[in-house]
Amino acid sequence: MSKRSDSPAMAYDPFGEPVEIACHGTTQAGDRRARSVAVTGFWLVAATLTASRIYFADEPVAQMVSNAHAQVAAFITAIL
C-alpha cells in the first residue's frame, strides 16, 4: 500500500496549465478516534430521537387516522 507524501504533485487545470497540488499526509490516530466517536455519537442520538418519536407518535397517529376516517365518512354522507 502506498503512502501519500507531503511533496507537491503535478496536475493540470482545464486550460492545460500545470498546477501544483499539495498532498496531505494521513491523519493521526487521535484524529481518527475522535472522528469515529463523533460519528457514533451522532448516529446514537439520531436513532434515539427516531425511536422516541415513533414510540410517542403512536397515539396521535391513530387518533389522526380515525378523525380522517370520520371526515371522509361525513363527506360521503353529505354527498349522498
Scanning for something at pLDDT 75 or above, in a helix (DSSP H, G or I) and open to solvent by 80 Å² or more (accessible area, probe 1.4 Å), does the range 4-13 turn up at least one residue? no
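Hey, among the residues in the range 19-48 that are at pLDDT below 85 and not in a loop (DSSP other than H, G, I, E, B), which one's most open to solvent (accessible area, probe 1.4 Å)? First the steps, then the outcome.
Narrowing the range 19-48 to residues at pLDDT below 85: 19-31.
From what is left, the residues that are not in a loop (DSSP other than H, G, I, E, B) are 19-22, 29-31.
Values: 19: 57, 20: 130, 21: 81, 22: 65, 29: 70, 30: 44, 31: 80 Å².
Applying the filter and picking the extreme gives 20.
The values are calculated or read from the model by the stated rules, or taken from the named source; none is laboratory data. This one's a predicted model, so the numbers in the text were calculated from it and none came from an experiment. Heads up: the accessible areas ignore ligands, DNA and RNA and are worked out on the full protein's heavy atoms, side chains in. Shrake-Rupley method; radii C 1.70, N 1.55, O 1.52, S 1.80 Å.
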